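The values are calculated or read from the model by the stated rules, or taken from the named source; none is laboratory data. From a predicted model like this one, the values you see are computed outputs, not experimental measurements. With ideal geometry, Cβ positions are generated from the backbone for all residues, glycine too; neighbour counts draw on all protein chains shown. Heads up: the accessible areas ignore ligands, DNA and RNA and are worked out on the full protein's heavy atoms, side chains in. Shrake-Rupley method; radii C 1.70, N 1.55, O 1.52, S 1.80 Å.
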Protein chains: 2
Amino acid sequence: MVKISILYPNTPGARFDFAYYADTHMPRSIELLSAHPGFKGVSVERGVGGATPGSAPAYLAMCHFHFSTADDFLQAFMPHAPELQGDMPNYTDIEPIVQINEVLISR
Amino acid sequence: MVKISILYPNTPGARFDFAYYADTHMPRSIELLSAHPGFKGVSVERGVGGATPGSAPAYLAMCHFHFSTADDFLQAFMPHAPELQGDMPNYTDIEPIVQINEVLISR
């Protein structure tokens, strides 16, 4: 299994509309991507703190899509890339870090 | 639910022994932390690429612990912190980014 992680750095002065992200953008993303048979799950998270008490999180938000293979993700995502990427300015001006991971242990 | 994310930056020249991490360090971590009733799951991953084909991942490895609350994680982790943190030099010289997240959507 692979996991596609989309990480939004906690950039000083950046804009991030959590209500729009969690209530509109992500539900629409999940609706579109979960239609592919390779879709295995998703997690959407808000950073609340760093390692030491009271410290800021490195990332404001994270989203992780689980797919059977990286090709499955690309097949699911590419047809909807214009809509989903075009929606990003509606909630943030942060450029996210995107990474593909191989899942070694999951339980 | 909360997720504690431990991210190992892909630092040039850094050392990371994946065999030791995945076969020894993480199984021992999971054995110790999963004994707490607040433990809800774990995922261990290896970064394989970035957003563009052939690009390097931002993180060599990620580990995510799911717990009912952040306090549950601390109660589970603190008694074993000396052993687990003391084991880190056995697989890496990278200082990980640690972050606590509130899980908004999980399916």
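Key figures for this structure:
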quantity	calculated
Within the range A:79-107, considering residues that are out of contact with any helix residue (DSSP H, G or I) (no Cβ under 6 Å at 6 or more places or on another chain) and hydroxyl-bearing (Ser, Thr, Tyr), the one nearest to the other protein chains (Cβ to nearest Cβ)	A:106
Any hit, the range B:86-105, residues being of a type in the set (D, E, K, R) and closer than 30 Å to residue A:29 by Cα	yes
Residues of the range A:30-57 that turn out to be among the polar types (S, T, N, Q) and farther than 25 Å from residue B:81 by Cα, as a count	2
Among (1) more than 9 Å from every other protein chain (Cβ to nearest Cβ); (2) under 22 Å from residue B:51 (Cα atoms); (3) not in a strand (DSSP E or B) - the single one residue A:26 does not satisfy	(1)
Subset of the range A:37-62 [touching a residue at least 40 places away in the same chain (Cβ under 8 Å) and in contact with an Asp or Glu (Cβ under 7 Å, 6 or more places away or on another chain)]	A:61, A:62
Pairs where the first residue, in the range A:84-104, is touching a residue at least 12 places away in the same chain (Cβ under 8 Å) and open to solvent by 10 Å² or more (accessible area, probe 1.4 Å) and the second is among the basic types (Lys, Arg) and part of a strand (DSSP E or B), C-beta under 7 Å, 6+ apart	A:102/B:46; A:103/A:3
Count of residues meeting criterion [within 20 Å of residue A:104 (Cα to Cα) and more than 9 Å from chain A (Cβ to nearest Cβ)] in the range B:38-56	3
